[in-house]
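Q: Supplied in structure tokens, the structure appears directly below.
No lab work stands behind these numbers, since they all come straight from the coordinates. This structure is a prediction, so every number in the text was calculated from the model and none was measured. Quick reminder, even Gly has a Cβ in these numbers, built from the backbone with ideal geometry, and neighbours come from all protein chains shown.
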Amino acid sequence: MSQFFRTPRTVASTVLAIAMLTACGKTQQPAAPAAADKSAPAAAAVAIVNGTTISRTEYDIYVKGLLQGKQQELTPEQKNQVLDEMISMQLMAAQAEKDGLGKDLETAAQLDVLRMRVLADAASQKILKGQDPTDAQLHAEYETAIASMDKTEYHARHILVATKDQADQIIKKLKGGAKFEDLAKAQSLDTGSKANGGDLGWFTTSRMVKPFADAVKALKKGEVTPEPVQTQYGWHVIQLEDTREAAPPPFDQVKAQLTNSLVRKKLQVYVEDLKKNAKIEKKL
């Protein structure tokens, strides 16, 4: 039941935004090169555009963003294409600065948001460095998740229609001996299950909207809802095919998701502490 173990959202890693930010931001520097910090070695240049350096670090970050985590080695031709793209981007960014676009309120706000995201991501990486959950913590999280998950799976069919009157007529036909599958194929608005006679397969009620879930739970095997069930999607007539005990996913199958969940919780605790010590005024 991997549906229960949803991968949580973590602080966004905006590597592509870093490349965009550095490409735009560095054009704000004066034409003459600033004095170098002798305590740190300068990053190797992959290109110099009208006196502005595109560093190897910036290039690698841009490539990483384009690959989106894929382990792939670019061909020499692809590497050259990426460099040409960065050169074009640098030329456009420099022209935007000359045209005063960097002072545009919306553009400046976009850059501020990008910078905020990048710094927030860097802070989260620093906070979580060396904080990988232990096996004991992962197993405890797993047991907690298992304890709260649905214990029953349902196999059901449904017919979705636009009005209660249509649903009432379908229930009347079913009582008169019509086959559920035939009516579903002929009248259901649910394109995902219509061709299969309204078959929804096996599911836990946590995946369904509450009125639908409550109606399914109230049925016995083979029964049809005596009254139409209304949800935001329309009116449903539901037939319960069978039930079975829901088997939890193996620990190893969801270990990565459990790790993400614990990491997220640790980060949330840290952020909440920051909020407690911060002076925050909401103006919205």
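Q: Strictly over 20 Å apart at the Cα level, which of 129/265; 210/266; 175/221; 129/266; 126/265 would you flag in this model?
A: 210/266
Q: Another question, then. Return the FRET efficiency for the residue pair residue 185, residue 67: r is the Cβ-Cβ distance, R0 is 41 Å, and the value is rounded to the nearest 0.05.
A: Details: r = 45 Å, r/R0 = 1.10.
My answer for the efficiency is 0.35.
Q: Evaluate the distance, in nm, between pseudo-label points positioned 7 Å from the Cα of residue 207 and of residue 60 along their respective Cα→Cβ axes.
A: In this crude spin-label approximation the distance works out to 4.3 nm.
Q: Return, ordered by residue number, the residues of region 204-224 whose backbone nitrogen is under 20 Å from a label point located 7 Å along Cα→Cβ of residue 151.
A: Residues 204-208, 213-221 qualify, since their backbone N sits under 20 Å from the label point.
Q: Between the alpha-carbon centers of region 111-181 and region 191-253, tell me the distance in whole angstrom.
A: 14
Q: Within a 10 angstrom radius of the beta carbon, how do 206, 261 rank from fewest other beta carbons to most?
A: Details: 206 13, 261 22.
With the fewest neighbours first, 206, 261 line up as 206, 261.
Q: Relative contact order (percent) for region 150-245, with alpha-carbon contacts under 8 angstrom and 6 or more residues of separation?
A: Details: 181 pairs, mean separation 41.7, N = 96.
Dividing the mean separation by the residue count of region 150-245 yields 43 percent.
Q: Identify the trypsin sites (Lys or Arg not before Pro) of region 193-284 meeting these criteria: DSSP loop state and at most 14 other C-beta atoms within 10 Å of the C-beta. Mind showing how you got there, number by number?
A: On the way: sites: 194, 207, 217, 220, 221, 244, 255, 264, 265, 266, 275, 276, 279, 282, 283; in loops: 220, 221, 279, 282, 283.
When the trypsin sites (Lys or Arg not before Pro) of region 193-284 are filtered for loop state and at most 14 Cβ neighbours within 10 Å, 220, 221, 279, 282, 283 remain.
Q: Also, I was wondering about something else. Using a cut-off of 13 Å between beta-carbons, work out the net charge of the residues near residue 164 (Lys and Arg +1, Asp and Glu -1, residue 164 not included). Before the final figure, lay out each step's value.
A: Values: positive: 172; negative: 165, 168, 227.
Within the 13 Å Cβ shell, the charges total -2.
Q: Between residue 220 and residue 83, what is the label-to-label distance in nm when each label sits 7 Å out along the Cα-to-Cβ direction?
A: Spacing of the two 7 Å Cα→Cβ label points: 7.7 nm.
Q: Which value, in debye to the nearest 20, gives the size of the charge dipole of region 150-245 about its Cα centre, when Lys and Arg are +1 and Asp and Glu are -1 at the Cβ? Each step should come with its number before you reach the end.
A: On the way: 15 positive and 14 negative charges, 23 e Å.
Once rounded to the nearest 20, the dipole reads 120 debye.
Q: Quote to one decimal, in nm, the extra length available between residue 278 and residue 169 on full extension: 0.36 nm per residue of separation minus the C-alpha distance between them. It would help to have the intermediate numbers written out before the result.
A: Values: separation 109, 0.36 × 109 = 39.24 nm, distance 6.06 nm.
Value of the extension gain: 33.2 nm.
Q: Could you tell me which residue out of 167, 202, 235 lies farthest along the dipole of region 150-245 toward its positive end? Charges go on the beta carbon: Lys and Arg +1, Asp and Glu -1, centred on the Cα centre.
A: Positive-most Cα among the choices belongs to 167.
Q: Need one number: nm distance between label points at residue 104 and residue 131, each 7 Å from Cα along Cα→Cβ, rounded to one decimal.
A: Result: 3.8 nm between the two label points.
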